[in-house]
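Remarks on the structure that follows.
The values are calculated or read from the model by the stated rules, or taken from the named source; none is laboratory data. None of these values were measured; they are calculated from a predicted model. Ideal geometry is used to build each Cβ from the backbone, glycine not excepted, and the neighbour counts take in all protein chains shown. Calculation scope for accessible area: heavy atoms of the full protein, side chains included, ligands and nucleic acids excluded. Shrake-Rupley method; radii C 1.70, N 1.55, O 1.52, S 1.80 Å.
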Amino acid sequence: MVNYRLKDNVVARLPAIFKGLGPKQSVIHMALDAELHGGVLVMRVGGSRPIDCGKCTRSSIVELARELVRRKHRVVLVEEACGFGYAFHRQLRAIGVEAFVVATEMLNRKRKTNRRDAAKLLDQLYDFDVNGHKKALRIIRVPTLKEQKSRRLCRMRSQLIKVRNILEAQGRGLLFDFDFHEVPQGWWGPRKWPKLRAKLLEHDRWLVEMLEHHQRLLIAQQQRINQLEREIELTSNYDPGKVAKGFGQTTFASVQHEALDWNRFANRKQIGSYIGCCPSEFSTGPNQKLGSIDRLGNRRMRTLLVEAVWRLKKWNPTWRGFRKFPHVFGLQATARGATRKKAVVACARLLAVDLWRLQTGRATLKNLGLKPAQ
């Protein structure tokens, strides 16, 4: 009887890759169009033609990378930020792979497939690593596990607030639909609900039965939001003497967790680009045409900064950003509509720059015309 031994390893499954490897050390570029359980992998060995590896699982990619690193080859991998976390990226880094995560963008316009995207991403990686074109990839900073957990608290809080507002609006719409218009703001709260319930019993008992479930859900949502706010405050380095008045502890912590590390921004242009408040541009020849903001940055941080501008207007009206737009923020301000919105967005960008200066020691609250929170 003949005994057969199956070769179930990465070398046997991907012979085209290892066939092209010589005895010398090579540079291997890998591009992954990530999916939930893996993705499409395209490779280039030593600058040769691309090799389409097809769909691969995450475990097989890690096994392949580990074997290549064991053979003393330099492995460089790039993947798009796909919303599936950073555990795979950290696993590759741990075995010695130079892994990058880049911002998502439209790589192929008319025809989009995973293989085309991976091949395009591989070309950009090769241009970035070999040709030294540093703008070929928009590399994002991968947070540590601790930073990721702290940031998730802030993001979960904002998501729960949206759900709470939706439930509150549903209840208000139900009452309006049945000719009950005296609905206070926050009608579901423990102080307002008993009074509203008494009025609804006189108006239509059926409305009380319909709203009681919504009211219990809203109370539970608010309790969870309060719990998250307490946890966020514990993770922040809030110092009232170094924070401008108008920045609450929760807002300050949320901005800090979204920025991750203020020292990674080298100048004011980089922080403005990070929050997506740079103007779009369509210029050719000597003609320059600037449009609205591109919104390509961190939208959560942009929202937090816009909200903070309105609070600063109350608690820090002498801030230098407000002095730039007296027609919007002055005592005799008459601007409305788009003019007002543009000024607020401009102040949000200026506030981000000032926060960067404060957190990196380039300025103080007094230099910026801000009063401390204490």
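Condition (residue is assigned to a helix (DSSP H, G or I), without any contact (Cβ under 8 Å) to a residue 24 or more places away in the chain and not aromatic (Phe, Trp, Tyr)) applied to region 100-114: is it met by at least one residue?
no
Taking region 146-164 as the range and being open to solvent by 70 Å² or more (accessible area, probe 1.4 Å) and either under 24 Å from residue 218 (Cα atoms) or touching a residue at least 24 places away in the same chain (Cβ under 8 Å) (or both) as the test, the residues that pass are 152, 159, 162. Scanning region 223-254 for residues that are at pLDDT 90 or above, surrounded by fewer than 20 Cβ atoms within 10 Å (Cβ to Cβ) and more than 21 Å from the chain's Cα centre (by Cα) turns up 223, 224, 226, 227, 230, 245.
Checking each residue in region 76-99 for being closer than 15 Å to residue 29 by Cβ and surrounded by 19 or more Cβ atoms within 10 Å (Cβ to Cβ) picks out 76, 77, 78, 79, 92, 97, 99. Looking at region 133-251, the helices (runs of 4 or more DSSP H) lying wholly inside it that each contain 2 or more residues that are within 27 Å of residue 303 (Cβ to Cβ) and of a type in the set (A, V, I, L, M) sit at 145-177, 205-235.
The residue list 48, 59 contains one member that is among the hydroxyl-bearing types (Ser, Thr, Tyr) and in a helix (DSSP H, G or I), which is 59. Please work out if residue 276 is without any contact (Cβ under 8 Å) to a residue 60 or more places away in the chain, within 26 Å of the chain's Cα centre (by Cα) and part of a loop (DSSP other than H, G, I, E, B). In short, yes.
Yes/no matrix, rows are residues, columns are (1) touching a strand residue (DSSP E or B) at 6+ places or on another chain (Cβ under 9 Å); (2) open to solvent by 20 Å² or more (accessible area, probe 1.4 Å); (3) at pLDDT 90 or above:
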position	(1), (2), (3)
201	no, yes, yes
208	no, no, yes
214	no, yes, yes
217	no, yes, yes
256	no, yes, yes
286	no, yes, no
290	yes, yes, no
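Of the residues screened, residue 349 is one that is under 18 Å from the mean Cα position of the chain (by Cα), open to solvent by 50 Å² or more (accessible area, probe 1.4 Å) and within 28 Å of residue 241 (Cα to Cα). Of the set (1) touching a Lys or Arg at 6+ places or on another chain (Cβ under 8 Å); (2) open to solvent by 50 Å² or more (accessible area, probe 1.4 Å), all apply to residue 40 but (2).
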